[in-house]
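Here the structure comes first, spelled out in structure tokens, and everything after it is commentary.
The values are calculated or read from the model by the stated rules, or taken from the named source; none is laboratory data. In this text the structure is predicted, and so the values were computed from the model without any measurement. Don't worry about glycine lacking a Cβ; one is built from the backbone with ideal geometry, like all the others, and counts go over all protein chains shown.
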């Protein structure tokens with residue numbers, strides 16, 4: 001009987017630890033100690049909807065992955081503030097918008113979010129920066145590029161040389177709008193220009209909302225013609241809040257979160273070798289076909 | 001002897017329990033204990049790494065792939081070790097009993113679960129140093145039990161069991177050292193630019 005009690009206690013102790021271990025793996029912050037942390041989310045490369053990176057292209061920042069990490073940062077009790085490290089020339093409009101929306105939700109939880117601009121934080125990169133509480137740039141950072149672009153190719157001439165003729169059967173007049181096999185009609189140009197203008201207006205609204213009290217719509221409009229600025233120029237124009245490097249942004253996060261002393265920093269979306277390899281292969285071989293998209 | 005008696009015996013009466021296991025040779029139970037301890041240890045180690053933020057950061061599927069690969073390797077090593085110990089005992093002392101060694105070695109890893117478990121508990125309590133010490137002690141405990149397993153399964157003296165236990169490892173080390181020396185000599189004779 002004594003034997004059964006002793007071994008039973010040992011097994012129960014082990015079982016409890018195993019259950020806690022499963023919790024720790026699924027939620028690394030679970031434990032008896034709860035130390036506040038500054039979470040860092042890296043946004044590097046072109047902001048896209050899905051793929052993380054492609055072996056044949058440069059680095060891309062997947063909105064899907066970044067959104068998942070932002071939600072994780074919002075849910076984790078040990079993350080007290082988030083630094084968004086942006087080194088991106090922009091990307092697709094929807095991907096930037098989605099990241100911006102998730103950042104707004106993260107801020108709504110009361111956790112301050114600070115942007116730290118790297119080499120470039122332009123266009124879609126600047127869009128997402130506008131969804132943070134404080135924007136910090138390096139003096140030589142390239143930022144701005146507030147505008148929308150839609151690019152298409154016309155390879156009709158090439159097809160002619162190859163002797164290939166495209167046959168189109170469509171349900172409506174504009175179903176093949178943006179086709180690379182012919183010129184745009186004036187009407188189509190007008191439709192697409194309308195889309196670009198509407199998207200541009202959304203960008204303006206995002207900046208006005210994000211930079212409220214720092215720059216007015218009237219002050220912004222002359223700057224929002226797609227031009228780029230250095231970090232120092234952007235600070236003077238009210239497009240960024242302060243100048244500083246990555247560690248200054250961490251300090252700013254600590255101040256805004258009310259944290260004193262040393263605090264652990266955790267890069268929340270640090271890519272491990274396995275994931276990078278798998279997603280690269282996935283993206284390279286199963287990646288989406290290029291389509292006409294709006295880019296910030 | 002029930003499984004609870006065996007597990008209790010492994011911790012509190014190892015000698016008598018090993019002798020009984022060598023006699024009854026419960027291979028399937030030994031395998032289940034061995035593989036159970038392996039996966040429990042893996043889980044606890046992963047949890048400790050997750051908390052102390054020094055893990056490999058593998059995604060879930062890669063982590064379990066690695067664990068499964070490790071389990072297969074561990075089982076192969078378990079089989080090869082048992083075979084080697086039995087073969088060496090047969091060559092040197094004229095008596096081998098592979099199945100008994102295999103069963104006993106399977107059970108001998110049981111206290112090894114306490115190391116990662118206590119280490120994990122220590123990490124939770126922010127006492128990593130104590131955890132590391134307990135981990136080491138549990139490892140030494142398993143080694144002691146493995147020697148006992150070899151001794152009881154092959155009816156050897158303690159000295160003979162230690163010799164059989166260390167001989168394969170010592171041979172591998174010796175061969176490794178020899179290969180290093182030969183490789184070094186070969187490299188040193190190459191013309192340098």
Review point. Looking at B:36, B:55, which one is modelled with pLDDT under 90 and surrounded by fewer than 20 Cβ atoms within 10 Å (Cβ to Cβ)?
Key: B:55
Review point. Taking the range A:150-192, which residues are surrounded by 12 or more Cβ atoms within 10 Å (Cβ to Cβ), part of a helix (DSSP H, G or I) and out of contact with any strand residue (DSSP E or B) (no Cβ under 9 Å at 6 or more places or on another chain)?
Key: A:156, A:158, A:159, A:188, A:189, A:191
Check your understanding: Regarding residue A:81, is this residue under 9 Å from the mean Cα position of the chain (by Cα) and buried (at least 24 other Cβ atoms within 10 Å of the Cβ)?
Key -> no
Study note, to complete from the structure: The condition of being under 30 Å from residue A:119 (Cα atoms), under 25 Å from the mean Cα position of the chain (by Cα) and part of a loop (DSSP other than H, G, I, E, B) holds, among A:207, A:196, A:240, only for A:240
Review point. How many residues does the range A:112-133 hold that are over 19 Å from residue A:244 (Cα atoms) and touching a strand residue (DSSP E or B) at 6+ places or on another chain (Cβ under 6 Å)?
Key: 1
Point to revise | Matching residues in the range B:123-156 - criterion: being at pLDDT below 90 and either within 14 Å of chain A (Cβ to nearest Cβ) or closer than 18 Å to residue B:23 by Cβ (or both) | key: B:123, B:124, B:125, B:126, B:127, B:128, B:131
Practice item. Only residues that are in contact with a strand residue (DSSP E or B) (Cβ under 8 Å, 6 or more places away or on another chain), within 10 Å of residue A:128 (Cβ to Cβ) and free of Cβ contacts under 8 Å to residues at least 40 places away in the same chain: list them for the range A:83-111, please. Key: A:103
**Study point:** Scan of the range B:12-22 for residues that are in contact (Cβ under 8 Å) with a residue 12 or more places away in the chain and more than 11 Å from residue B:107 (Cα to Cα), ordered by number
**Key:** B:15, B:19, B:20
Check your understanding: So is residue B:115 over 23 Å from residue B:26 (Cα atoms), in contact (Cβ under 8 Å) with a residue 12 or more places away in the chain and within 12 Å of chain A (Cβ to nearest Cβ) or not?
Key -> yes
